[in-house]
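The values are calculated or read from the model by the stated rules, or taken from the named source; none is laboratory data. Because the structure is predicted, anything quoted here is derived from the model rather than measured. Positions of Cβ are generated from backbone atoms using ideal geometry, with glycine treated the same way; all protein chains shown enter the neighbour counts.
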Amino acid sequence: MKKYLHWAGGLLVLCQLFMACKAQPQGEQQKANRLIHSSSPYLLQHAHNPVDWYPWGEEALQKAQKENKLLIISIGYAACHWCHVMEHESFEDSLVAAKMNAQYVSVKVDREERPDVDQVYMNAAYLTSGRGGWPLNAIALPDGRPIFAATYFPKKDWLRVIDHFANYYQTNPEKLVEAAEQVTQGIHSMRFAELSDEHTLFKAEDLKLSVDKLLAEIDFQKGGLKRTPKFPMPAVFQFLLRDHYYEGRAKALEAVQLTLDQMARGGIYDHVGGGFARYSTDGAWKVPHFEKMLYDNAQLTSLYAEAYRQTKNPRYRQVVYETLAFVEREMSSPEGGFYSSLDADSEGIEGKFYVWSLEEIRELLGEDAPLFMAWFNVSEKGNWEHGNILHITKEEEEICREFGLSKAEFEEKIAQSKAILLQARNKRIRPGLDDKVLTSWNALMLKGYVDAYRAFGEQKFLEVARKNAAFLIQNMKQPDQHLNRSYKDGKSTVNGFLDDYAFLIEAFVNLYQATFEEKWLFEADELMQYVLEHFSDEETQLFFYSSKHHDPLISTPVEISDNVIPASNSAMAKDLIYLGTYLYKDDYLQRAEKMTQKVLGNIREQPGYYANWAMVLTHFLYPPYEVAIVGEKASRIRQQFDQYFLPDAFFLGGRQEGRLQLLANKAVEGKTMIYVCQNKACKLPQTEVPAALAMMKRSGK
C-alpha cells in the first residue's frame with residue numbers, strides 16, 4: 001500500500017510533465033443526458049453538460065465492464081461552490097467532455113442522496129491523495145474499485161489526470177488492478193480500525209480526560225476549535241454544556257458561551273435574514289462560505305436553545321427565533337418538509353446575495369445608516385472582496401454611547417434597519433435552492449423545532465414540528481416500516497440509510513417528551529426494530545450505514561466518528577438508551593453499553609471527533625432521571641421543568657397513566673403528581689417542581 005500511495009500521491013507532479021491542452025470552442029447547449037430523469041437538483045444541474053453522465057447504478061457499471069472502460073465517479077452536492085467551478089471549467093467544456101466520453105464511463109453522484117457511495121470514495125481519497133472534500137472525483141476500475149480519488153482540479157490538471165489514467169490503463173492495466181485491490185482492501189480495513197476491545201467499567205476519569213483534551217483544542221480568543229476553516233461543530237459544544245452541568249467545570253461553559261457569542265457576532269451568521277452559513281473561511285467567524293445547509297441550522301437551533309436554558313442569554317433566544325424565521329421563509333415546503341440547502345453563489349458570484357456596499361446602506365437606511373454601519377462594520381472600501389460582510393466587533397454599550405441611544409432605542413433602530421435590508425435583499429436574484437427533502441436532515445430540524453419549543457414555550461414551533469413529523473411518516477415511511485431518504489416533486493425515493501433512522505428516532509423521542517403523545521415513542525420503536533433487523537453487525541454490535549436491502553458496494557460503510565453531523569452509530573447508541581429506558585428494554589441498554597465500550601479509547605483521545613459518543617457516555621456515568629408527571633396539569637408542569645437545562649431528565653407522563661410501565665399506578669385522583677425515578681425506582685412523589693428538582697441535584701450543579 002505504501003508503494004502505491006507514493007505513486008498516486010505523486011500523480012500531480014508527474015502530470016506536470018504532460019503538455020497542457022487547449023479547449024475547443026463551446027458549442028450550443030447540449031441535449032439532455034441521462035441525468036435529466038433524476039430527482040436530485042444537483043444531478044439536474046449537470047443534465048445539459050456535454051459529458052455523457054450516468055447516474056449511479058447498474059447501467060453505468062455494466063456499460064463500463066462491457067466496454068472495458070475506467071469509471072469517473074464525480075460526487076458533489078447542489079450548494080457546493082467548487083463543484084460549480086469545476087462544472088463550469090471542465091464539465092461544460094466540449095474538449096474535456098469529448099475526452100471523458102471517449103475514454104471513460106462517467107457517473108455523477110449527489111452525496112446527499114447517496115452518502116454511502118460518497119463515503120466509500122471519500123475513504124479512497126484519504127488513502128490515495130491524503131485529503132477529502134467536494135467535488136470528489138474518483139477514477140475506478142469498471143467494477144467500481146477505486147484507483148485514485150481527489151477533490152477539485154483546475155481544467156488543465158483534470159485533463160492531465162484523465163489522460164494519464166486512460167493511457168496507463170491501456171499500457172499497464174495489471175498495475176491499476178493491483179492498485180485498486182490495495183485501495184479496496186484499505187477502505188475495507190478502515191471501517192473498524194477505530195474500535196477497541198476494552199471491556200472495562202466506565203469511569204468519571206474517562207470523561208475528564210476527554211474534556212481536558214477538548215478544552216486544549218478550543219480557541220479561547222475567538223471561540224470554536226483551533227482550526228481554519230472553522231466549522232460550528234454543534235455536538236462538541238453540546239457535550240461541553242453537559243460537562244458543565246454534571247461536573248461544574250467553568251471552563252467548559254466559557255468555551256460554549258464564547259463560541260456561541262462569537263458565531264452570533266460573526267459573518268457566518270446572517271444578520272439580516274437569520275440562519276448560519278456552513279463554515280467560516282477564517283479564524284474569526286468573519287468570512288463565511290456562504291452556502292446554507294439545513295443540517296447546520298437544525299443543530300445550531302438545538303444548541304442555542306439548550307444554551308439559553310442554561311444561561312438565559314437573550315441573544316441566544318434572538319438567534320433561535322431569527323434562524324427559525326429563515327427556515328420558515330426560505331427552507332420550508334408547503335407539505336411540511338424542509339429543503340436541503342441554499343447555494344453560496346448567485347449570478348455566478350459567491351456571496352453576492354448577502355453582501356452590501358456602503359452606497360446601498362446609505363440609500364436604504366437614510367439617517368439611520370451611520371448607526372447600522374458602525375454596528376456592522378460597513379465601510380466605503382468594503383471588508384471583503386465583493387463588498388461588506390455584516391459582522392459585529394464592538395460592544396452594544398459602546399455604540400449606544402457613541403450615538404446617544406438607550407439600549408431599547410438602539411435595538412429598535414437596528415431591528416427596523418434589518419427589516420428594510422431584508423425587504424430590499426428579497427428583490428435580488430436568489431441563490432439556488434436544493435429543494436429535495438432528506439429524512440435525516442429533516443429529523444434534525446424537527447428536533448431543533450422541538451428544542452426551541454421547550455426552551456421558549458412558543459406554540460408555533462411545536463405546530464411546525466408536528467406537521468413535519470406527520471409529513472415524514474406519510475411520505476418517507478413505507479408499509480414494510482422502511483424509510484425512504486429523499487422526497488421531491490411529490491415522490492419519495494432512495495432507500496434510507498442508518499442516519500435517516502437514527503436521527504428520526506431521536507426526533508420522535510424528543511417530540512414525545514414535548515407532547516406526552518405516546519404514538520411518537522412507538523413510532524420510534526418500530527424504526528428501531530427495523531434497524532436491528534436490517535442494519536446490525538452482530539460481530540461488533542455496531543450498525544452498518546446501509547441495510548441488507550441496499551445494492552452492494554465494494555465495501556459496506558460504517559459511520560463511527562462524529563463530525564459536523566454526529567455519526568449514525570453514536571446517534572443509534574443514544575436512541576437505544578432512550579428507548580431502553582422508556583420501554584423497559586434492557587437489551588437496548590446493554591447494546592448501547594457494548595457500542596460505547598468499542599469507542600471508549602477514542603472518546604478519551606479524540607473527543608473532537610467523538611463528542612456525541614461522549615454524550616452517550618454521560619448517560620452511563622450519570623444515570624438519567626425518569627421524571628414521570630401524571631394528572632390534569634401534566635403538560636403545564638412539564639413546561640415548568642423546561643425552563644431548566646436538564647440533560648439527565650427523561651420526561652414521561654400525561655393526563656392519564658397511558659401504556660408505559662413506569663406510569664402504572666401513578667395517577668392520584670384530583671392531583672398531578674411528579675415522580676423522580678432512577679433505574680425504575682422512584683422517590684417519594686411531589687406536587688411542586690422545586691421539590692422535584694431538589695431530588696435531582698448532582699455534585700457539579
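Here are some notes:
- Which listed residue is within 18 Å of GLU517 (Cβ to Cβ) and at pLDDT 95 or above, from PHE651, PHE620, PHE645: PHE651
- Within the option set GLY132, GLY186, being out of contact with any Pro (no Cβ under 8 Å at 6 or more places or on another chain), surrounded by 20 or more Cβ atoms within 10 Å (Cβ to Cβ) and closer than 22 Å to THR556 by Cβ holds for one residue only, GLY186.
- When ALA204, ALA216, ALA140, ALA180 are checked against the criterion of being hydrophobic (A, V, I, L, M, F, W, C), more than 27 Å from GLU291 (Cβ to Cβ) and at pLDDT below 95, ALA204 stands alone in meeting it.
- Residues in segment 110-132 that are farther than 30 Å from LYS491 by Cβ, outside any loop (DSSP other than H, G, I, E, B) and not small (Gly, Ala, Ser): ASN123, TYR126, LEU127, THR128.
- Of the numbered criteria (1) in a helix (DSSP H, G or I); (2) at pLDDT 95 or above, the one ALA149 fails is (1).
- Only helices (runs of 4 or more DSSP H) whose full extent lies in segment 158-259 are considered here, and the ones with at least 2 residues that are of a type outside the set (Gly, Ala, Ser), in contact (Cβ under 8 Å) with a residue 60 or more places away in the chain and closer than 17 Å to HIS619 by Cα are 204-216, 234-247.
- When the helices (runs of 4 or more DSSP H) confined to segment 296-376 are screened for residues that are touching a residue at least 60 places away in the same chain (Cβ under 8 Å), among the charged types (D, E, K, R) and within 30 Å of LEU240 (Cβ to Cβ), those reaching at least 2 such residues are found at 314-330.
- For GLU669, the conditions (1) surrounded by fewer than 16 Cβ atoms within 10 Å (Cβ to Cβ); (2) touching a residue at least 40 places away in the same chain (Cβ under 8 Å) all hold with the exception of (2).
- Selection status of GLY580, free of Cβ contacts under 8 Å to residues at least 24 places away in the same chain and either out of contact with any Leu (no Cβ under 9 Å at 6 or more places or on another chain) or assigned to a helix (DSSP H, G or I) (or both): yes
- Looking at GLU350, GLU398, GLU335, just one residue is among the charged types (D, E, K, R) and over 25 Å from ASP434 (Cβ atoms), and that residue is GLU398.
- Residue tally, condition of a type outside the set (S, T, N, Q) and under 30 Å from GLU506 (Cα atoms), over segment 418-439: 6
- Segment 225-260, residues that are among the aromatic types (Phe, Trp, Tyr) and under 21 Å from the mean Cα position of the chain (by Cα): PHE231, PHE237, PHE239
- Look at (1) at pLDDT 95 or above; (2) within 26 Å of HIS550 (Cα to Cα) and you find that ASP480 fails only one, number (1).
- Residue list for segment 527-581, restricted to those being small (Gly, Ala, Ser) and more than 17 Å from GLU506 (Cα to Cα): SER536, SER546, SER547, SER555, SER561
- Residue check for GLU593: in contact (Cβ under 8 Å) with a residue 24 or more places away in the chain and either assigned to a loop (DSSP other than H, G, I, E, B) or aromatic (Phe, Trp, Tyr) (or both): no
- Just one of the listed residues (LEU215, LEU258) is touching a helix residue (DSSP H, G or I) at 6+ places or on another chain (Cβ under 6 Å) and not assigned by TED's automatic domain parsing to the domain that holds ASN377, namely LEU215.
- Hits in segment 635-644 - residues which are within 21 Å of LEU579 (Cα to Cα) and either of a type in the set (A, V, I, L, M) or part of a loop (DSSP other than H, G, I, E, B) (or both): ASP642
- Residue within segment 414-431 that is among the hydroxyl-bearing types (Ser, Thr, Tyr) and in a helix (DSSP H, G or I) present: yes
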